[in-house]
1. In this structure, is residue 33 closer than 29 Å to residue 240 by Cβ, in contact with a Ser or Thr (Cβ under 7 Å, 6 or more places away or on another chain) and not in a helix (DSSP H, G or I)?
2. Is it the case, given these coordinates, that residue 134 is surrounded by fewer than 17 Cβ atoms within 10 Å (Cβ to Cβ) and within 28 Å of residue 166 (Cβ to Cβ)?
3. Got a sec? Which of 141, 246, 147 is of a type in the set (Lys, Arg), open to solvent by less than 40 Å² (accessible area, probe 1.4 Å) and touching a Ser or Thr at 6+ places or on another chain (Cβ under 6 Å)?
4. Got at least one residue in region 262-271 being in contact with a Gly (Cβ under 7 Å, 6 or more places away or on another chain) and either open to solvent by less than 40 Å² (accessible area, probe 1.4 Å) or polar (S, T, N, Q) (or both)?
5. Report, ordered by the first and then the second residue, all pairs with beta carbons closer than 7 Å, sequence separation of six or more or different chains, a first member in region 258-269 that is touching a residue at least 24 places away in the same chain (Cβ under 8 Å) and farther than 9 Å from residue 191 by Cβ, and a second member that is among the acidic types (Asp, Glu) and in a loop (DSSP other than H, G, I, E, B).
6. Go through (1) within 23 Å of residue 93 (Cα to Cα); (2) free of Cβ contacts under 8 Å to residues at least 12 places away in the same chain; (3) open to solvent by less than 90 Å² (accessible area, probe 1.4 Å); (4) not hydrophobic (A, V, I, L, M, F, W, C) one by one and return the number of the condition residue 411 breaks.
7. Does residue 232 satisfy being in a loop (DSSP other than H, G, I, E, B), free of Cβ contacts under 8 Å to residues at least 60 places away in the same chain and open to solvent by 30 Å² or more (accessible area, probe 1.4 Å)?
8. Which residues, counting only those in region 305-327, are within 23 Å of residue 105 (Cβ to Cβ) and hydroxyl-bearing (Ser, Thr, Tyr)?
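The values are calculated or read from the model by the stated rules, or taken from the named source; none is laboratory data. As the structure is a computational prediction, the values presented were derived from the model and not from experiment. Note: ideal-geometry Cβ built from the backbone for every residue, glycine included; neighbour counts use all protein chains shown. What goes into the accessible areas is simple: the full protein's heavy atoms, side chains included, and nothing from ligands, DNA or RNA. Shrake-Rupley method; radii C 1.70, N 1.55, O 1.52, S 1.80 Å.
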Amino acid sequence: MRSTFQGLETSLRALHAQQAALQTTGQNVANANTAGYTRQRANLQATSPYPSSGMNSPQIAGTIGTGAEASSIERIRDQYLDAQYRSGEAQVGYAEMESNILKTVEAIMNDQEGVGLSGAMDEFWSSLQDLSINPNDEGIKTVVREKAVSLTDTFHYLNSALTTAQKDLQAEVDGAKDDINSIATQIADLNQKIGELEPSGYLPNDLYDQRDLLVDKLSSYMDIKVERTSSGSGSNRAAAGIYTIKVAGAGSSEALVQGNIANKVETVSNGSELEIQINGTTVSPTGSFQSLIRNLGTDQSIYKTTIDKLDKLALTLATEFNNIHGNGYKQDGEKGSDFFTLSSENASSTITLSDDIMKSTDNIAVGAEGNKKSDGGNAAKLAELLNPNVGNGTIRSAYSEMIGEIGVKVQNANRLKENSENVRDLLSTKRDSVSSVSLDEEMTNMIKFQHAYNAAARSMTVMDEILDRIINNMGVVGR
């Protein structure tokens, strides 16, 4: 026979269950704007019915319900969307870093509105034109020398600025490496705490959120893969388990985090390039960290390729200019000497005017013929070498090609950044539709659980009145 108090117990369980659901709803509302918070849900389930089944039980099992209970409070996450979002975040990290680095190079090589190397060459060309018209004017010769000095100084500045900007990436690489290793250590610590709680049936949702937020941050540095393993046989079915974090495309030995152990990311030079290593094994993950490494220490770095082209341009300019200058004549009838001097290996940083030109402007080979005092023919040839209107000239075409390539790379990087951000934002929206808090939905749930709680309370009141009738009013006939 059923207990007289079973109705009270059923109502009490209903009150507890609806109260747990209301508290979970309140938690969601409170953290609607908390970064990394995942919407939670109280899983309500019916308790075991009465009577229980048994071989010697004459009653039919499961005929009368005994109420409900909140079996667990779990987070609402989609692992597939998490993996997609993190992969997209790695693409954004790489594209954004590439775009920023290219913009820095573009700013250094600024060639708009008559500034930069193009402006310096134009001024030098203009002074040579003036000299070809007035070959005996000492003032113009001095201007030619000063404009040539300005041109070499511009080469020096560009080389120094590019070299310094590239070296500055070392600080960013060190900072990113320290951040990656710090995040990995924090995830390993959270794995340990979670592994201690889950076997007892607990669901440490706050710890899960902290760990997932760290994993999201890590994914911007490098493309990672998250594998989950159970922390023990006593774990709840909704438990997130222990994370093993591997770099995408790498083997098991390159796991960045495995249980409560965090391996360190190192940067190692192989002589000509920098490599990313985990446990002594080289990995090449997509992400902002890979972009930093590539632009700091590889031959494909935009800094390295730009400096190489700048060196080639300076070497070509000096060589061709010296050839023309050496075939010309000074005003005293002697043949000209080298106008520029430089090292063939580091041309843009070493190009300077020769000692002869710096000693006296009379050493500028203005004439094309040695017996004419007013001959400015060689100065005209020198000017033609730098003529900005000659589209197929060796100097101008090489420089225009270099600037054009940088511009195209910046456009491509910006386009890649925009496209990857659009994809990432779409994935973020999809993930948020599952995991983030909707205040409209929570308000609806609040009303629903409130009504259920009130109904359970009313049911308990009814059962109390029934018991009062049985206890206090039955068997009093005739009194």
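1. On the way: closer than 29 Å to residue 240 by Cβ: yes; in contact with a Ser or Thr (Cβ under 7 Å, 6 or more places away or on another chain): no; not in a helix (DSSP H, G or I): yes.
Here the answer is no, as residue 33 does not meet what is asked.
2. On the way: surrounded by fewer than 17 Cβ atoms within 10 Å (Cβ to Cβ): yes; within 28 Å of residue 166 (Cβ to Cβ): no.
It is false that residue 134 is surrounded by fewer than 17 Cβ atoms within 10 Å (Cβ to Cβ) and within 28 Å of residue 166 (Cβ to Cβ).
3. Numbers: 246 fails: touching a Ser or Thr at 6+ places or on another chain (Cβ under 6 Å); 147 fails: open to solvent by less than 40 Å² (accessible area, probe 1.4 Å).
When all the criteria are applied, what remains is 141.
4. Filtering region 262-271 for residues in contact with a Gly (Cβ under 7 Å, 6 or more places away or on another chain) gives 269.
Narrowing further to those that are either open to solvent by less than 40 Å² (accessible area, probe 1.4 Å) or polar (S, T, N, Q) (or both): 269.
Yes.
5. From residues that are touching a residue at least 24 places away in the same chain (Cβ under 8 Å) and farther than 9 Å from residue 191 by Cβ, there are no pairs.
6. The number of the failed condition is (3).
7. Numbers: in a loop (DSSP other than H, G, I, E, B): yes; free of Cβ contacts under 8 Å to residues at least 60 places away in the same chain: yes; open to solvent by 30 Å² or more (accessible area, probe 1.4 Å): no.
It is false that residue 232 is in a loop (DSSP other than H, G, I, E, B), free of Cβ contacts under 8 Å to residues at least 60 places away in the same chain and open to solvent by 30 Å² or more (accessible area, probe 1.4 Å).
8. First pass over region 305-327, keeping only residues within 23 Å of residue 105 (Cβ to Cβ): 305-317.
Across region 305-327, the qualifying residues are 305, 306, 316.
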